[in-house]
Amino acid sequence: MQYTLLTVLGIGFIFISTTLGASSVYFFKKDFSKKTFSVSCGFAAGVMLAASIWSLLLPAIEQTQGSLAFLPATVGFLFGGVFMLLFTCRLNRLKHKFENNPSLIKSFKMFFAVTLHNVPEGLAVGFAFGAASSIGTWEGYLVALGLAFGIGIQNLPEGAAVALPLKVSLNDRNKAFLYGVLSGVVEPVFAVLGYFTSAYLQFAQAWLLAFSAGTMVYVVVEDLLPDATEEQTLPFGVCGVMLGFALMMALDVALG
């Protein structure tokens, strides 16, 4: 019973953290200025770049051994980029539906990329608790809880990275918050899936991590960085990138 409670708490924590991060939209009582928008886009870009490296690509490389250890990370990363390219082409065909708010397409792509990124993270937590259940010791559950805590803390800025730009695109705090929350819903779902299939799906973890990194880097380069640096005499967006990258890097390194 105690082990079951620890599992529920660990899986629930990663979702609650994303929700708390998305709630950042309520701290801004006024509409975003161009400076604030640039900083928020830059912050989101920095968070996503750091998460792509330390949360996704490096773990993907570490999980693969041998002379071809680079293969899953490289191929998965490129497939992620190609996937987002095809997805973007599909969205561009629907531009007439967004002609009054073209920035909504960019925000939706970012929401989609972060949501995909949360899939392997949820699986990783599920795998950890599945392994702990097989071992049946406190030590195993402490390791799983540590992983859940680390990913949960990282989800705070990620939830904000989704919700803040969407607030501008949608001009609605509640909808932006809802989309931020929805980007994190996949984590507990796939954590449960990972828990019950930990013995069968771990071989695909490295490929999924790298694929998610490719989708995120694509969105950063195509959408977030141009928005962060557009029409600015002072580099507010660049400062946002540096801040978001440094924060996410520190969390990833400190929390493992």
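Read-outs throughout are calculated quantities, based only on the coordinates presented, and are distinct from any laboratory measurement. Quantities reported herein were computed from a predicted structural model and do not represent experimental measurements. Positions of Cβ are generated from backbone atoms using ideal geometry, with glycine treated the same way; all protein chains shown enter the neighbour counts.
If you run the Gaussian network model on the chain, springs between alpha carbon atoms under 10 Å, then out of A213, A204, A246 the most flexible one is A204. Kindly identify region 114-158 as rounded, prolate or oblate by the Cα gyration tensor criterion: order the square roots of the eigenvalues as a ≥ b ≥ c, call it rounded if a/c is under 1.5, otherwise compare a/b with b/c, prolate if a/b is larger, else oblate. Oblate shape, in that a/c is at least 1.5 and b/c is the bigger or equal ratio.
With respect to the chain, whose longest principal axis is taken over its alpha-carbon atoms, helix 138-170 is tilted by about 10°. Longest stretch of the chain clear of exposed loop sites (GluC sites (Glu not before Pro), DSSP loop, at most 13 other Cβ atoms within 10 Å, sites excluded): 100-229.
Summing charges over all other residues whose Cβ lies under 14 Å from the Cβ of L193, with Lys and Arg as +1 and Asp and Glu as -1, gives -2.
Shown for the chain: lysine pairs separated by 8 or more places, or found on different chains, whose C-alpha atoms are under 14 Å apart, numbering 8. Taking every pair of alpha-carbon atoms in region 130-246, give the share separated by more than 24 Å as a whole percent. I get 43 percent for the Cα pairs in region 130-246 exceeding 24 Å. Label zone (L58, point 7 Å along Cα-to-C-beta; backbone nitrogen cut-off 19 Å) within region 105-143: 117-118, 120-122, 124-125. Return the single residue from T18, T215, T88 with maximal mean-square fluctuation; model: Gaussian network over the chain, springs between Cα atoms under 10 Å. Taking springs between Cα atoms under 10 Å, the residue moving most is T88. Within the chain, all pairs of alpha-carbon atoms sorted by distance into 5 Å bins from zero give the percentages 1, 7, 13, 17, 19, 16, 11, 7, 4, 2, 1, 0.
To the nearest 20 Debye, how big is the dipole of the chain about its Cα centre, given +1 on the beta carbon of each Lys and Arg and -1 on that of each Asp and Glu? Walk me through the intermediate numbers first.
Numbers: 13 positive and 14 negative charges, 149 e Å.
My answer is approximately 720 debye.
Available extension along the chain between L142 and A250 is 36.7 nm, counting 0.36 nm per residue and deducting the alpha carbon span.
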